[in-house]
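Peer 1: Please see the structure below; I have some questions.
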Amino acid sequence: MRRLVVVSNRVAPSSGADSAGGLSVGLHAALKRSQGLWIGWNGRIEDSAREELQVEDGEAYQLATRSLSQAEHDRYYAGFSNGALWPLLHGRSDLMRFDPEDLPYYLAVNERFARQAVPLLSSADLLWVHDYHFLALGDALRRRNAHQPLGFFLHVPFPHADCVAALPCHHQVMRLLSAYDLIGFQTEASLRNFRDYVVRHHGALAEPDHVTLAGRRVRVGRFPIGIDVDRFAALATSARVQQLVGELLPCFSSAAGIVGVDRLDYTKGLPQRLRAFERFLEQSPQWRRRAFLTQVAAPSREDVQEYADLRHDLDTLSGRINARHASVDWMPLRYINRALPQWRLAALYRLSRVGLVTPLADGMNLVAKEYLAAQDPADPGVLVLSRFAGAADQLGSALLVNPHDFGAVAAAIRQALEMPLEERRSRWASAIAGLRAQDVHDWRERFLVALAQNPEPPLVRLAR
Ligand code: G6P
């Protein structure tokens with residue numbers, strides 16, 4: 001069996017703990033069975049000598065991590081990755097902060113990870129690189145004579161071709177993707193946009209499953225990431241979660257809970273969501289004092305200015321909504337500005353009659369899937385889901401909304417709260433069957449099988 005080597009900016013502990021995020025749940029089994037290796041940032045910022053990869057044996061696989069220097073953090077992570085690429089890839093070129101001095105750091109961090117990874121690799125490995133932080137890593141590995149099958153998966157959307165072209169260095173950066181053997185996207189729309197982009201802006205040739213970019217034929221495909229449905233359902237019915245459900249039940253039995261859980265990010269449409277909720281309060285007097293929204297917004301990337309601005313705006317907006325609509329014994333909005341552990345979220349999902357997932361753009365959105373997996377099959381809640389989340393492709397049985405249309409979101413909240421049990425059950429059953437059919441294990445295996453079968457000759461480039 002070939003060893004799996006994963007590279008991503010964030011790495012997960014190798015214990016497969018309950019708190020594990022979507023990617024680590026997905027990769028855990030394959031890393032464990034192949035005694036794999038996960039390479040990435042250790043989350044620390046240090047200007048000391050600890051810049052080399054530190055290899056440690058975890059419970060299930062090896063980890064090789066390194067710190068970032070302050071300058072690398074500011075320019076590779078906060079700067080080029082999250083100040084320029086993140087907004088760009090979410091179709092927000094208006095929020096893109098392109099500082100030409102960030103690019104050399106981005107490329108240098110990609111080079112450094114590649115240089116330090118190569119001695120840890122063996123020729124039989126399968127290499128799988130994740131997300132927009134490492135667009136250039138494949139090229140840096142190839143120039144160091146890494147000939148292993150090399151896959152790349154983009155977790156975020158790939159937007160319209162002309163949006164990508166707003167990045168001044170888009171030619172230089174995007175053509176580096178030609179070093180990969182397989183490039184995976186979450187949705188058909190992202191795959192189509194990528195094909196269109198490379199044809200129009202790089203003169204590439206596109207076939208249904210391949211593009212020929214910078215002289216190299218690269219396989220491309222749609223691989224929608226899922227969740228481990230049984231694992232999440234088991235978490236939601238575990239003794240610890242059920243105890244919490246029992247403790248919180250009095251709040252939720254006297255009024256109907258609506259829940260939103262997101263990183264505090266402008267792509268998640270949080271101000272729009274709160275405004276739509278306010279519209280719902282105004283338009284549905286029969287639900288006043290009978291429905292409330294719990295919105296968890298975990299702080300994120302606070303050293304990027306747009307995130308600090310958003311946090312400030314949400315503080316104001318949430319305060320205003322409660323000030324306007326609360327009464328002495330009822331608070332319509334519970335705004336929680338910190339991350340909650342997954343088992344607490346599972347209880348919150350289970351207790352809430354509506355899951356409100358309304359990003360303006362999102363690669364997939366696993367909260368939508370976890371909300372569904374946590375429901376009681378006998379009395380399930382209803383998912384209100386943005387059309388612009390990748391998950392909408394698979395969740396046609398949710399109430400699909402345009403998050404910019406506050407009136408429509410308000411109407412969907414009301415429809416969800418008033419939906420008869422039979423309809424809730426049938427919508428939920430159809431959604432969960434789809435989630436089971438395309439779960440996270442299916443995602444991983446389909447990608448890895450496609451990567452291992454790659455028939456293209458390895459790219460050989462000389463080191464610079
Ligand atoms: C998104 C990205 C991931 C990223 C995560 C958390 O899901 O696709 O690559 O790790 O956000 O963001 P952070 O900047 O905290 O790693």
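Only the coordinates and a few stated rules stand behind these numbers; no lab work does. Quick caveat: nothing in here was measured; it's all calculated off a predicted structure. Positions of Cβ are generated from backbone atoms using ideal geometry, with glycine treated the same way; all protein chains shown enter the neighbour counts.
Peer 1: I'd like the orientation of helix 270-283 relative to the chain: the angle between its Cα long axis and the longest Cα principal axis, in ° from 0 to 90, rounded to 10.
Peer 2: Roughly 20 degrees between the two axes.
Peer 1: Which percent of Cα-Cα pairs in region 333-464 sits in each 10 Å bin, short to long?
Peer 2: So the P(r) values, bin by bin, are 11, 35, 30, 11, 8, 4, 0.
Peer 1: What list of ³J(HN,Hα) values in whole Hz, one per residue of region 395-404 in order, does the Karplus curve 6.51 cos²θ - 1.76 cosθ + 1.60 (θ = phi - 60°) give from phi, with Gly and Pro shown as x?
Peer 2: For region 395-404, the Karplus curve yields 10, x, 8, 7, 7, 8, 9, 8, x, 7 Hz.
Peer 1: Next up: Check which residues have an amide H placed less than 5 Å from Trp128's amide H, if you skip close sequence neighbours.
Peer 2: Val5, Val6, Val7, Gly151
Peer 1: Can you give me the pair-distance distribution of the chain, C-alpha pairs, 10 Å bins, whole percents?
Peer 2: Result returned by the calculation: 4, 20, 30, 26, 14, 5, 1, 0.
Peer 1: Taking 8 Å as the Cα distance limit and 6 or more residues as the minimum spacing, I'd like the relative contact order of the chain as a percentage.
Peer 2: Details: 927 pairs, mean separation 69.9, N = 464.
Rounded, it is 15 percent for the chain.
Peer 1: Please list, in chain and number order, the residues 5+ apart from Leu264 or on another chain whose amide H is under 5 Å from its amide H, with Hs placed from the backbone.
Peer 2: It is Ala298, Ser300, by chain and number.
Peer 1: So, counting K/R as plus one and D/E as minus one, what does the shell of residues with Cβ under 12 Å around Tyr105 add up to? Spell out each step's value before the answer.
Peer 2: Values: positive: Arg75, Arg112; negative: Glu72, Asp74, Asp99, Glu101, Asp102, Glu111.
In short, -4.
Peer 1: Please report Cys169, Cys163 as a ranked list, fewest other C-beta atoms within 10 angstrom at the top and most at the bottom.
Peer 2: Cys169, Cys163
Peer 1: Using mean Cβ contacts within 10 Å as the protection proxy, how do 361-369, 103-111 order, highest first?
Peer 2: Values: 361-369: 26.2, 103-111: 20.6.
Top of the packing list down: 361-369, 103-111.
Peer 1: Find out how many positive minus negative residues lie around Arg324, taking Lys and Arg as positive, Asp and Glu as negative, among other residues whose Cβ is under 13 Å from that of Arg324.
Peer 2: Details: positive: Arg275, Arg279, Arg288, Arg320; negative: Glu278, Glu282.
Counting the neighbours of Arg324, the net charge comes to +2.
Peer 1: For a quick check: sort His28, His155 by the number of other beta carbons within 10 angstrom, fewest at the front.
Peer 2: Values: His28 24, His155 19.
Sorted ascending by nearby Cβ count, the order is His155, His28.
Peer 1: Something else about it: Can you tally the net charge around Ala291? Count Lys and Arg as +1, Asp and Glu as -1, for every other residue whose Cβ sits under 11 Å from the Cβ of Ala291. Walk me through the numbers before you get to the answer.
Peer 2: Numbers: positive: Arg288, Arg289, Arg290, Arg353, Arg414; negative: Glu418.
Net of charged neighbours comes to +4.
Peer 1: No solvent, one uniform scatterer per C-alpha: report log10 I(q)/I(0) for region 187-302 via the Debye equation at q = 0.10, 0.11, 0.18, 0.22 1/Å, two decimals.
Peer 2: Here log10 of I(q) over I(0) equals -0.62, -0.70, -1.05, -1.18.
Peer 1: To the nearest 10 degrees, how steep is helix 22-33 against the longest Cα principal axis of the chain, on a 0 to 90 scale?
Peer 2: So the helix axis and the longest Cα principal axis differ by about 50 degrees.
Peer 1: Amide H to amide H under 5 Å from Thr358: which residues, 5+ apart in sequence or cross-chain, H placed 1.01 Å off N in plane?
Peer 2: Ser386
Peer 1: Please report, in debye to the nearest 20, how large the charge dipole of the chain is about its Cα centre when each Lys and Arg carries +1 at its beta carbon and each Asp and Glu carries -1 there.
Peer 2: Details: 54 positive and 51 negative charges, 95 e Å.
Using only the charged Cβ atoms, the result is roughly 460 debye.
Peer 1: Once the Cα atoms of helix 342-351 and of the chain are each reduced to a long axis, what angle between those two axes, in degrees from 0 to 90 to the nearest 10, is obtained?
Peer 2: Approximately 40 degrees, to the nearest ten.
Peer 1: Calculate the radius of gyration of the Cα atoms of region 229-438 to one decimal place, then report Dmax, the largest Cα-Cα distance, as a whole number, both in Å.
Peer 2: Gyration radius and largest Cα-Cα distance of region 229-438: 16.0, 47 Å.
Peer 1: So for region 229-438, taking the charge dipole from beta-carbon charges (+1 Lys/Arg, -1 Asp/Glu), which of Gly407, Ala326, Leu274 sits furthest toward the positive end?
Peer 2: Ala326
Peer 1: Counting other beta carbons within 10 Å of each residue's own, what order do Phe406, Phe80 fall into, fewest first? Mind showing how you got there, number by number?
Peer 2: On the way: Phe406 20, Phe80 29.
Result, fewest neighbours first: Phe406, Phe80.
Peer 1: Roughly how many whole Å is it from the C-alpha centroid of region 236-294 to that of region 340-406?
Peer 2: Taking the Cα centre of each part, region 236-294 and region 340-406 sit 12 Å apart.
Peer 1: Using the Karplus curve 6.51 cos²θ - 1.76 cosθ + 1.60 with θ = phi - 60°, what ³J(HN,Hα) values do you get for each residue of region 248-254, in whole Hz, with x for Gly and Pro?
Peer 2: In residue order, the calculated couplings are 8, 3, x, 5, 8, 7, 8 Hz.
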